[in-house]
Amino acid sequence: MKYSERVKKASSIVKSIYGLSDDQSISIVYNGGTYKVKAYKDYKDRISYSVWDGFNGMNVSKVGRTSMTLYSYDMMKQRTTYRLDLTKCSM
């Protein structure tokens, strides 16, 4: 699949994520699981995002044109990152 086709396929999800305001969320389906993308205001009054699966969540460091970069820290301050492919998601 060409990059332009991947951008077109993921564009509706990217627009929905950027359209969220404080305390709003959308549900996405990825690899058979349902996840909630939540928007919140950070301490500088900017909109930030996080992805939740029940009790487990990861923060969003970047929403790109075809993917989202997620991160979290465990108890030992070890950073874990994951790149979520938005072309494999549906709403």
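Taken over the range 54-85, residues that are at pLDDT 90 or above and in contact with a strand residue (DSSP E or B) (Cβ under 8 Å, 6 or more places away or on another chain) amount to 21.
Determine if the range 38-45 includes at least one residue that is more than 10 Å from the chain's Cα centre (by Cα), in contact (Cβ under 8 Å) with a residue 60 or more places away in the chain and assigned to a loop (DSSP other than H, G, I, E, B). The answer is no, given that none of the residues of the range 38-45 is more than 10 Å from the chain's Cα centre (by Cα), in contact (Cβ under 8 Å) with a residue 60 or more places away in the chain and assigned to a loop (DSSP other than H, G, I, E, B). Pairing each residue of the range 62-91 that is closer than 17 Å to Asn31 by Cα with any residue that is assigned to a loop (DSSP other than H, G, I, E, B) and among the charged types (D, E, K, R), provided the two are 6+ apart or on different chains, yields C-beta distances under 9 Å for Leu86/Arg65.
With the requirement that a residue be under 15 Å from Met91 (Cα atoms) and either surrounded by 14 or more Cβ atoms within 10 Å (Cβ to Cβ) or β-branched (Val, Ile, Thr) (or both), what does the range 26-48 give you? Result: Ile26, Ile28, Val29, Tyr30, Thr34, Tyr35, Lys36, Val37, Lys38. For Asp23, the conditions (1) more than 14 Å from the chain's Cα centre (by Cα); (2) surrounded by 11 or more Cβ atoms within 10 Å (Cβ to Cβ); (3) of a type outside the set (A, V, I, L, M, F, W, C) all hold with the exception of (2).
The values are calculated or read from the model by the stated rules, or taken from the named source; none is laboratory data. This one's a predicted model, so the numbers in the text were calculated from it and none came from an experiment. Glycine gets a Cβ as well: all are built from the backbone with ideal geometry, and neighbour counts include every protein chain shown.
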